[in-house]
Structure formats: structure tokens, C-alpha cells
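Report on one structure; see the data block that follows.
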Amino acid sequence: MFIFRWLSIVFIVTAVMLLGADLVGTLEKKALVIRSLQTVLLLFNYDATQALVAHLPPQVVQVSVMIVETPGWITFSLLAFVFAVIAPSNKHVRPLPPPPPIPRSPARASELTQRLHAALRPL
């Protein structure tokens, strides 16, 4: 389970970095820039679409190419969410202690009641 938690954190960090890269690109070009996972992999000289078409059965190619063509940060965010659901934290959260009682004296309570009645008395 530790591996799934660790991978989830790594995927979240990667998704945030890709989202930041898209944001910086958008600010530089003054136009919306959203890089797909395919575009990010092409920066490393790896054509994922061509590799998927060559090595996967025809029934799975269309779905896998669609996943590779989605924005990279969305893909990694969904992977991180899946891994986080698979391996939830095993820390037990203690409930908060109840608040301390409000100290009230009878004299103070009667004074507050008199003020309330005076405020509500019709003019």
C-alpha cells in the first residue's frame, strides 16, 4: 500500500508541474495553451501514439490514443486519484474533545435576562 500512496503523491506533483507549465505557456503566448500527454512525451522524442498503434490490439487502440491525447495534467490527476482511492490512509483520526462548559452564575444570568426584556419592551 505504501507504493500506491507514494505513486499517488508523485502523480499529483507531476500533474501540478504540467498544469504550471500550461499556465506559463498561456501567459507567454497570451492564448490558451493546453499540452496533451502526447505533446509532453514528444519533448522526450517518444511518439506514444505510434507505439500504441503498433503494439496494442485494435480493440484498445482508440481508447488508449484518446487517453494519450488528453491534457497531461488531467491524466496524471486521475491516476493520482485512482491510486489514492486504492490505498487510503490508515491513520486513525481522533475526534476533537468537547468544548469546556460555559461558566454561568445565577446573578449574571438574571442580569442578562433583564437586559433582554428591557430591549424587547415596546417603546
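Among the trypsin sites (Lys or Arg not before Pro) in the stretch 40-123, which ones are in a DSSP loop with at most 12 other Cβ atoms within 10 Å of the Cβ? Mind listing them?
Answer by residue number: Lys91, Arg104.
Quick one: putting +1 on the C-beta of Lys and Arg, -1 on the C-beta of Asp and Glu, what dipole do you get for the chain around its Cα centre, in Debye to the nearest 20?
Dipole of the chain, to the nearest 20 debye: 960 debye.
Given Cα pairs under 8 Å that are at least 6 residues apart, what percent is the relative contact order of the chain? Don't jump to the answer; show the numbers that get you there.
Values: 81 pairs, mean separation 45.0, N = 123.
Across the chain, relative contact order equals 37 percent.
Only Cα pairs under 8 Å and at least 6 apart count here; give the relative contact order of the stretch 28-77 as a rounded whole percent.
On the way: 33 pairs, mean separation 24.2, N = 50.
In percent, rounded to a whole number, it is 48.
Indicate the helices, whole DSSP H runs only, in the chain that combine a mean Kyte-Doolittle hydropathy of 1.6 or more with a Cα extent along their long axis of 18 angstrom or more.
72-86
If the elastic network links every pair of Cα atoms under 10 Å, which of Ile67, Ile34, Ile102 fluctuates the most in the Gaussian network model of the chain?
Ile102
According to a simple spin-label model (label point 7 Å from Cα along Cα-to-Cβ), what is the distance in nm between Ser89 and Val13?
1.8 nm
Per DSSP helix of 4 or more residues, -39500 (n - 2.57); summed, then divided by the residues of the chain. What does that give at 222 nm, rounded to the nearest 500?
-21500 deg cm²/dmol
If packing is taken as the average number of other Cβ atoms within 10 Å across a peptide's residues, how do 72-78, 55-61 rank, most packed first?
72-78, 55-61
How long is the gain from Ile67 to Thr39 if the chain were fully straight, where each residue apart is worth 0.36 nm and the alpha carbon distance is subtracted?
8.8 nm
In whole Hz, with x marking every Gly and Pro, tabulate ³J(HN,Hα) for the stretch 32-47 from phi via Karplus 6.51 cos²θ - 1.76 cosθ + 1.60, θ = phi - 60°.
Couplings: 5, 10, 10, 8, 7, 4, 4, 5, 5, 5, 5, 5, 9, 6, 10, 8 Hz.
Looking at (1) 7.7; (2) 18.6; (3) 12.9, which value of mean projected area of the Cα convex hull in nm² comes from a calculation on the structure shown?
From the options (1) 7.7; (2) 18.6; (3) 12.9, the structure gives (2).
No lab work stands behind these numbers, since they all come straight from the coordinates. Here the structure is a predicted model, which is why all the values come from computation and not from measurement. For neighbour counting, all protein chains shown are included, and Cβ atoms are generated from backbone atoms with ideal geometry for every residue, glycine included.
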